[in-house]
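Scroll down for the structure; my scribbles are underneath it.
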Amino acid sequence: MRYQSQLRPGSFSGQTHLVTGGGSGIGRCIAHELASLGAHVVLIGRSAEKLALVAEEIRSDGGDCSLHSLDIRDEDAVRDTVAAIVQARQCIHGLVNNAGGQFPAPLEQIKSKGFEAVVRSNLLGGFLMAREVFLQSMKTHGGSIVNITADNVGGMPMMGHSGAARAGMENLTETAALEWAAHGVRVNAVAPGYILSSGFDTYDPEFLRELLPGFRDSIPLYRLGEEAEISGAVCFLLSDAASYITGQTLRIDGGSSLKHHSPLWRPAPACGGNRFNGFHRSRRPQVVEELEAEGKL
């Protein structure tokens with residue numbers, strides 16, 4: 001099997017697209033879809049081992065990719081890596097700023113070091129990648145950037161550091177869209193809601209067992225999303241079909257962000273509608289598999 005994308009085969013043939021955080025989760029899924037559509041995908045992340053495993057998957061599926069292991073918070077490393085990519089590929093057509101991370105904690109317990117680390121991962125790193133890709137390629141050739149943020153509407157209790165960084169990335173998206181439009185560069189953002197991604201594996205399983213069913217119950221579509229439902233939107237925004245879209249944040253959350261504007265609305269179990277998962281190599285987090293087997297998710 002290969003990735004079952006909703007976009008036309010060959011949509012990105014001859015193009016080079018960078019995906020940060022490409023070694024796992026949503027980034028891995030996006031990298032697979034882009035490669036299935038003909039792009040040369042450059043996988044970027046801190047773990048060379050994880051990147052190598054994804055690269056092996058992509059190549060075994062017939063795709064084309066390369067990889068660079070670095071910390072996107074390191075300005076010199078970002079500059080040198082982008083230079084190496086441009087030298088090898090001549091032009092960068094797309095950048096997906098997906099890398100990031102956080103940990104659950106109330107604001108009163110977050111130390112300055114932890115707060116700064118999350119902001120640097122989710123905001124500074126994305127800025128450095130976007131700036132260098134713009135300066136070294138897109139300023140001359142144009143291109144498209146998609147920043148992955150999060151569902152931070154109405155605040156992010158227990159994730160205040162991440163919410164602040166993601167809000168900053170949304171504003172940065174708008175600023176970059178304005179400043180770089182004259183160079184043919186489009187900049188958009190995608191804000192995922194609760195997605196069935198390997199990112200769940202980084203949290204305490206008991207913490208998730210308690211919270212995940214409640215997450216589902218608060219979503220109008222009454223289910224969590226699939227990685228492929230994020231990837232499809234990202235690939236659309238990178239494609240020529242989105243040529244007149246820039247400076248926008250697309251929320252993919254099953255309607256969960258709408259609840260903040262409807263205080264009288266009370267959720268009720270729903271059918272959830274159609275579910276799309278074209279990613280042939282998708283993997284459920286273990287705690288999610290257990291909850292689904294128990295009928296709790």
Notebook entry, point to check: Where Lys and Arg each count +1 and Asp and Glu each count -1, what net charge lies around TYR194 among other residues with Cβ under 10 Å from its Cβ?
Noted result: 0
Next item on the list: Just name one of THR140, GLY125, LEU107: the one whose Cα is farthest towards the positive end of the charge dipole of the range 74-183 (beta-carbon charges, Lys/Arg +1, Asp/Glu -1).
Entry: THR140
Next item on the list: Obtain the nm distance between the two label points defined at ASN171 and ARG131 by a simple spin-label model: each point lies 7 Å from its Cα along the Cα-to-C-beta direction.
Entry: 1.7 nm
Margin query: Using DSSP to call loops (not H, G, I, E or B), can you name the trypsin sites (Lys or Arg not before Pro) in the range 104-161 whose Cβ has at most 10 other Cβ atoms within 10 angstrom?
Written below: LYS111
Check: Dipole of the range 16-293 (Lys/Arg Cβ +1, Asp/Glu Cβ -1, origin at the Cα centre): which of ALA241, LEU221, THR202 lies farthest to the positive side?
Finding: ALA241
Next item on the list: Distance between Cα centroids, the range 227-259 to the range 69-88: provide it in whole Å.
Entry: 27 Å
Check: What FRET efficiency would be calculated for the residue pair GLU290, SER112, taking the C-beta separation as r and a Förster radius of 41 Å, to the nearest 0.05?
Finding: 0.70
Next item on the list: With +1 on each Lys and Arg Cβ and -1 on each Asp and Glu Cβ, and nothing else charged, work out how big the dipole of the chain is about its Cα centre, in Debye to the nearest 20.
Entry: 420 debye
Notebook entry, point to check: For ARG2 and GLN90, what does the FRET efficiency come to when R0 = 30 Å and r is the distance between their Cβ atoms, rounded to the nearest 0.05?
Noted result: 0.65
Checklist line | DSSP beta bridges in the chain [antiparallel fraction, %, rounded to 5] | finding: 0 percent
Next item on the list: Find which of GLY255, ALA165, GLY193 sits farthest along the positive direction of the dipole of the range 16-293, computed with +1 on the beta-carbon of Lys and Arg, -1 on that of Asp and Glu, about the Cα centre.
Entry: GLY255
Checklist line | Net charge dipole size for the range 1-125 [Lys, Arg +1 and Asp, Glu -1 on Cβ; Debye, nearest 20] | finding: 160 debye
Margin query: Only helices at least 15 Å long along their own axis, judged from Cα atoms, and with Kyte-Doolittle mean hydropathy of 1.0 or greater: name those in the chain from DSSP H.
Written below: 227-238
Next item on the list: Add +1 for every Lys or Arg and -1 for every Asp or Glu among the other residues with Cβ under 15 Å from the Cβ of GLU206, and state the total.
Entry: -3
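Bear in mind that the values in this text are calculations on the coordinates, not laboratory data. Just so it is clear, the structure is predicted and the values come from calculations on it, not from any experiment. Virtual Cβ from ideal backbone geometry, glycine too; neighbours counted across all protein chains shown.
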